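*Asks:* Starting off with a structure, shown below.
Throughout, read-outs are computed from the coordinates displayed, never taken from laboratory work. Worth saying up front: this structure is predicted, and the values here are computed from it rather than measured. FYI the Cβ positions are ideal-geometry reconstructions off the backbone, even for glycines, and counts take in every protein chain you see.
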Amino acid sequence: MGIAELTRNAVDVLPEGGLEAKLKLGRPLRVKLGIDVTSPDIHLGRGIPLQRMRAFQDEGHKAVFIVGDYTTRIGDPSGRSSERPILSDEEIDANAQVYLEQAKTILLDDPELLEVRYNGEWLSKLSYADVVGLGRIVTVARMLERDDFANRYRAGEPISISELLYPLMQAYDSVAIEADVELGGTDQLYNLLAGREVMQAFGLEPQVVLTTPLLLSWDGEKMSSSVGNNVPLTAAPEEMFGRTMRIPDSQLEEWWTLVAEQPVPEGEPMEAKLALARLIVARSHGEEAARAAEDYFDRTVRDRKPPEEVAEHALPADDPVHLPAVLADAFGLSTSEARRLIAQGGVKVDGDAVRELDLPRDRLAGAVLQAGKRRFVRLNEAT
């Protein structure tokens, strides 16, 4: 495979010549990637560095996947204009449990090639003196050279001490697992370089830093679980397919290059987009699921018909029926979201858009209720 495949789509590989030198050591390298558990999903954007980690695995190197259960309690400030909200311990633990399953849609699940660690294992044991010692390695002036910190400082926006500690905590992960290479998006460059400084301060050979581009979503913004413009790696097949189909033609080359790691197929943009959606779903769920997801998309979006199999939902006994309440119960929407969707013409009864909040019960009995393009239920009498 060679170094060209290991560094495919890389933006930074630092220091120059460093990776070549590591590869000449004649042993499997320890290749680190850490992900904080700020949401229950790893999405396609976060999957880009995972794909590079898989390339190292394919060459016989060990992937060290770090679940940031402890650094999540601080909150990574990278690319942020304000401090991240801190999750509860219960939320962090719940998110951490599903991360590995999602990562394995890309990584090889082989104990010889995959080591999974939780950074609470070592960070929770640091004493106050240990943290003060880490704080002596990097100066505040150096921290404020970061674009995100510099912009917030100039604007008079608050920067907490905990945010300044974050790069040091991430760097200490590299010390704890003795990383040879650390992967991350371009927004992680400062943190990854801090890892080199901290490793050197602890008498270790500094890691090589490899960054990958940030994947832009269909809205032109960085893909983000908190924004909702993401494609989770283990979302339902039809959801993955439908979300992928939302990207504009102008982003096809970027997505094929970064996600599929292939050139855009020749032909019509629609066919290239369909092929990309099939590939993305198949990687997570298999070829059969990808075909079923495409059939679902064709029927519900392109042909504007309900799916062949529609889940049933109990019709309330009220007459008239308050539609926002039904939508909230059937699809997990808030009633305000339901009202907004109705006002936008996004709710249909047997294919006809409705804008009334209250409908006669006999109009809804046995009807297919549709919310948006891909959510359907058939309303039937409760049994």
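*Asks:* Less than 20 Å from a label point 7 Å out along the Cα-to-Cβ axis of residue 361: which backbone N atoms in the range 300-340 qualify, by residue?
*Replies:* Output list for this probe position: 312-330.
*Asks:* Name the residue farthest towards the positive end of the dipole of the chain from the options 13, 280, 269, assuming +1 on Cβ of Lys and Arg, -1 on Cβ of Asp and Glu, about the Cα centre.
*Replies:* Among 13, 280, 269, the one farthest towards the positive end of the dipole of the chain is 13.
*Asks:* Moving to a separate point now. Pull up the cross-link candidates among the lysines for residue 273, meaning alpha carbon to alpha carbon under 19 Å and not fewer than 8 places away within one chain.
*Replies:* Hits, sequence-local ones excluded: 373.
*Asks:* Now a separate question. Listing 225, 174 from the residue with the fewest other Cβ atoms within 10 Å to the one with the most, what is the order?
*Replies:* Least crowded to most crowded, the residues run 225, 174.
*Asks:* List the lysines whose alpha-carbon lies under 16 Å from that of residue 32, not counting same-chain residues fewer than 8 positions away?
*Replies:* Hits, sequence-local ones excluded: 22, 62, 104.
*Asks:* Okay, next question. How high is the FRET efficiency between residue 140 and residue 304 when r is their beta carbon distance and R₀ equals 56 Å, given to the nearest 0.05?
*Replies:* Result of the calculation: an efficiency of 0.45.
*Asks:* Relative contact order of the range 312-381, please, whole-number percent, based on alpha carbon pairs below 8 angstrom and at least 6 residues apart.
*Replies:* Contact order relative to length: 38 percent.
*Asks:* Calculate how many DSSP beta bridges within the range 3-212 are antiparallel, expressed in % of all such bridges and rounded to the nearest 5.
*Replies:* Within the range 3-212, antiparallel bridges account for around 15 percent of the total.
*Asks:* How high is the relative contact order of the chain, in percent, with contacts defined as C-alpha pairs under 8 Å that are six or more residues apart?
*Replies:* For the chain, the relative contact order is 15 percent.
*Asks:* Report the full-extension gain for the segment residue 4 to residue 314: residue separation times 0.36 nm, less the Cα-Cα distance, to one decimal in nm.
*Replies:* Contour length minus Cα-Cα distance gives 105.9 nm.
*Asks:* For Cα Rg over 2.2 N^0.38 Å, several values are listed as (1) 1.30; (2) 1.05; (3) 1.14; flag the one computed from this structure.
*Replies:* Of the labelled values, this structure produces (3).
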